[in-house]
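Structure first, commentary second.
The values are calculated or read from the model by the stated rules, or taken from the named source; none is laboratory data. Treat the numbers as computed from the prediction; the structure is a model and nothing was measured. When we count neighbours, we look across all protein chains shown, and the Cβ atoms used for this are built from the backbone with ideal geometry, even at glycine.
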Amino acid sequence: MKKSVLKRMSIIDIPAAENLNGVNIFVDTNVLIFVDGAHSFDEKEKAYSNAYFKLIKNNNMFTSEKCLGEFYNRLAKLYFRLDQENDPSIVDFKKYRKSAEFSTSMQCIYDATRDFISDLNVIKSYEHVDIDKAFDSARTGLIDYADIISARICLKEDMYFFSDDGDSIYCKDLKIISNNKWMLSKVEKRHSLACL
């Protein structure tokens, strides 16, 4: 197969990804949030969520404890802001997080996180990742640190990166599953964009 065809295939949209079978797929934090549905559940989120449940049937699905931590913390902040909108007297996140009033929300967040821990293989070790190089990449402003770590895991373990985050386009040789319109529109230019 020609090199240019391989480069185009390195970013596939969700309909194409749903035909994958027996491959390794790393699920990014934003997809976990879409699957959970707490933030919103519009057409974009539904597409990712539906794909997640199709892909998990025929593929080996992974995430990292870093992504689970991001998921957990982002949901806690989201639920805090929702409660704060209803009651402006709630001002201190850390104090409110441990209150009886927030305990039901914390239980929901815990349950959602446990579900993902049960469904996915959780990567806990990053010995093969060059941390200095990861921070150098994050310093460019093109991608955040957690995503560069996820990308390096995917490259080392030959996994697809399942994400809506367009920043991943900058990672050389990373195989990506996404419906991110901006990224899909740049498939032909990826060779000139991939610099990390």
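Within segment 17-29, can you find the residues that are surrounded by fewer than 22 Cβ atoms within 10 Å (Cβ to Cβ) and in contact (Cβ under 8 Å) with a residue 40 or more places away in the chain? I'd like the intermediate steps shown before the answer.
Initial filter on segment 17-29 (surrounded by fewer than 22 Cβ atoms within 10 Å (Cβ to Cβ)): 17-24.
Within segment 17-29, 17, 20, 23, 24 qualify.
Can you pull out the residues in segment 108-128 that are of a type outside the set (Ser, Thr, Tyr), surrounded by fewer than 17 Cβ atoms within 10 Å (Cβ to Cβ) and not in a helix (DSSP H, G or I)?
Answer for segment 108-128, where residues must be of a type outside the set (Ser, Thr, Tyr), surrounded by fewer than 17 Cβ atoms within 10 Å (Cβ to Cβ) and not in a helix (DSSP H, G or I): 121, 122, 124, 127, 128.
One residue is enough: does segment 18-34 have a residue meeting the conditions among the hydrophobic types (A, V, I, L, M, F, W, C), over 12 Å from the mean Cα position of the chain (by Cα) and modelled with pLDDT under 95?
As a first pass, look at segment 18-34 and keep what is among the hydrophobic types (A, V, I, L, M, F, W, C): 20, 23, 25-27, 31-34.
Now drop any that are not over 12 Å from the mean Cα position of the chain (by Cα), which leaves 20, 23.
Imposing the further condition that a residue be modelled with pLDDT under 95 reduces the set to none.
Scanning segment 18-34 turns up no residue that is among the hydrophobic types (A, V, I, L, M, F, W, C), over 12 Å from the mean Cα position of the chain (by Cα) and modelled with pLDDT under 95.
Name the residue, out of 153, 148, that is in a helix (DSSP H, G or I) and touching a strand residue (DSSP E or B) at 6+ places or on another chain (Cβ under 7 Å).
Of the residues listed, the single one that is in a helix (DSSP H, G or I) and touching a strand residue (DSSP E or B) at 6+ places or on another chain (Cβ under 7 Å) is 153.
May I ask you to verify whether residue 36 is of a type in the set (Asp, Glu) and either without any contact (Cβ under 8 Å) to a residue 12 or more places away in the chain or in contact with an Asp or Glu (Cβ under 8 Å, 6 or more places away or on another chain) (or both)?
The answer is no for residue 36.
Can you work out which of the residues in segment 82-107 that are among the small types (Gly, Ala, Ser) and surrounded by 10 or more Cβ atoms within 10 Å (Cβ to Cβ) is nearest to residue 27 (Cα to Cα)?
This residue is 105.
Is one or more of the residues making up segment 113-124 over 16 Å from the mean Cα position of the chain (by Cα) and aliphatic (A, V, I, L, M)?
No: zero hits.
Filter segment 129-143 for residues that are exposed (fewer than 15 other Cβ atoms within 10 Å of the Cβ) and assigned to a loop (DSSP other than H, G, I, E, B) and give the result.
Hits for segment 129-143 are 130, 140, 141.
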